[in-house]
Amino acid sequence: MPGLTCLLVRQTITHMKHKSEDEQALIKIQHEWAEARMKGDSSYTRRLEAENCTVVWPDGSIANKREDLKSMTGDIVFTEFKINDLQLRLYGDTGIVVGQGTIRAHEGKQNLLGGKFVWTDTFVKQHGELKVIASQVTPVLEK
């Protein structure tokens, strides 16, 4: 995996050369957030999400920041979080990221997530830092 990580970082850096500072920050955040999920590192999400953040999970359930942080602890394990595409839009101090990729997670022997997903993350600048205020993850239906 180290070679794959280096390749992804190189591709991201090459792509980032043509992006604004905020766009580069959003791309970096997406990759770090995915990595934090894989590691079960809730400290990254704790810093990233605004206190009133709302997350809509693939099953339609709505979670607040506390509930989202809880999903990163205990028996829930993310085994894959591969980002295939990110589309960015900036509107003043607001950033919208639409991503596509593969996510797999389980709790014990029960599969919770598995397959292709799209997500939309909404960021606002608070005290000079980009914070997530809303996130929605949607499964891609097979055709």
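Model label points for T120 and N52, set 7 angstrom from Cα along the Cα-to-Cβ axis, are 1.9 nm apart.
Can you tell me which of H31, H127, H106 moves the most in a GNM of the chain? Springs connect C-alpha atoms under 10 Å apart. Judging by the Gaussian network model, the answer is H127. Taking θ as phi - 60° and the Karplus parameters 6.51, -1.76 and 1.60, the scalar couplings of region 118-128 work out to 10, 9, 10, 10, 10, 10, 10, 7, 10, 6, x Hz in sequence order, x denoting glycine and proline. Over the chain, the fraction of Cα-Cα pairs per 5 Å bin, rounded to whole percents and listed from the shortest bin up, is 2, 9, 18, 24, 22, 14, 8, 2, 0. Site pair S43 and H106 shows an inter-label distance of 2.9 nm when each label is modelled 7 Å from Cα along Cα→Cβ.
For the pair K143 and T79, a Förster radius of 22 Å applied to the C-beta separation gives a FRET efficiency near 0.30, rounded to the nearest 0.05. Between S61 and V98, take the C-beta separation as r, use R0 = 22 Å, and let me know the FRET efficiency to the nearest 0.05. E between S61 and V98, to the nearest 0.05, is 0.60. Taking every DSSP helix (H) stretch of at least 4 residues in the chain, weighting each as -39,500 (n - 2.57) and dividing the sum by the residue count yields a mean residue ellipticity at 222 nm of -10000 deg cm²/dmol.
Couplings 3J(HN,Hα) for region 40-45, derived from phi with the Karplus relation 6.51 cos²θ - 1.76 cosθ + 1.60 (θ = phi - 60°), are x, 8, 6, 5, 5, 5 Hz, where x marks Gly and Pro.
Largest GNM mean-square fluctuation among K65, K131, K109, using the chain with Cα springs under 10 Å: K109.
Take every Cα pair under 8 Å whose residues are at least 6 apart in sequence, average their separation, divide by the length of region 2-139, and the relative contact order is 21 percent.
When each of I103, I133 is scored by the number of other beta-carbon atoms lying within 10 Å, the sequence from fewest to most is I133, I103.
Laboratory data are not the source of any read-out in this text; all were calculated from the coordinates shown. Given the structure is predicted, the values throughout are model-derived calculations rather than measurements. Backbone-built Cβ (ideal geometry, glycine too); neighbour counts: all protein chains shown.
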